[in-house]
């Protein structure tokens, strides 16, 4: 997700961006608003990736999937509508802990490196125009909504899959890589299927045992 004017700057490697932020904010917490202002015209795409990366890696940051998902949702929606990056003041004040970027970089280095080695400028028919890239942001919007769901730790990967979808789709759009964008759609389709499967399991389990559980609770009361 980047404007035509920012195409050249978007080609900078993501690991380089993370290393710069890591060096700058190694020993101090930083609010999201400061990161948004520092990233400038690249903020939509890079901040989406930064907020999604922790959930696509083994990092444990409980309680942040909903606010980070909301950040991704707002930035992707504004990009989809052709509007500049913006966050409400309440989200701008959300503080990332000291060494946050160092931890993200260390935990996601393999994923980031893998993407940087394989994603390249391959516009094709689905990535050769700005309006097409904006349409693809709809997948990131849907992924953000899934990430925001307050789900328990079981079933697994309910944060990982939406976050991975957002990272791949956004990074591929940054690179204008049509093949990478198609891969993002593939991961998104798998993610939706995964959520539908577990939703069906939960509904079937409730239908089978819910009545018995409620009856047992009533007897205990």
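Here residue 75 meets the list (1) within 13 Å of the chain's Cα centre (by Cα); (2) not in a helix (DSSP H, G or I) almost entirely, failing just condition (2). As a summary of the residue check, residue 106 satisfies the conditions (1) closer than 21 Å to residue 73 by Cβ; (2) without any contact (Cβ under 8 Å) to a residue 24 or more places away in the chain; (3) part of a helix (DSSP H, G or I) except for the one numbered (1). Take the conditions (1) closer than 19 Å to residue 174 by Cβ; (2) free of Cβ contacts under 8 Å to residues at least 12 places away in the same chain; (3) assigned to a loop (DSSP other than H, G, I, E, B); residue 63 misses just one of them, which is (1).
Among the residues of the range 131-151, those that are more than 16 Å from the chain's Cα centre (by Cα) and loosely packed, with under 15 Cβ neighbours inside 10 Å comprise 131, 135, 151. Evaluating residue 99 against the criteria (1) surrounded by 13 or more Cβ atoms within 10 Å (Cβ to Cβ); (2) free of Cβ contacts under 8 Å to residues at least 40 places away in the same chain; (3) farther than 23 Å from residue 187 by Cβ leaves one unmet condition, (2).
Do we find a residue being at pLDDT 80 or above, closer than 23 Å to residue 81 by Cβ, surrounded by 13 or more Cβ atoms within 10 Å (Cβ to Cβ) and touching a helix residue (DSSP H, G or I) at 6+ places or on another chain (Cβ under 7 Å) anywhere in the range 23-33?
yes
Quick check, is residue 124 closer than 19 Å to residue 169 by Cβ and touching a strand residue (DSSP E or B) at 6+ places or on another chain (Cβ under 9 Å)? Judged against the criteria, residue 124 is a match. The requirement of being outside any helix (DSSP H, G or I), at pLDDT 85 or above and under 20 Å from residue 192 (Cβ atoms) is fulfilled nowhere in the range 134-148; no residue meets it.
The values are calculated or read from the model by the stated rules, or taken from the named source; none is laboratory data. Because the structure is a prediction, the values reported are computed rather than measured. Counting neighbours? That spans all protein chains shown, and the Cβs are built from the backbone with ideal geometry, glycine included.
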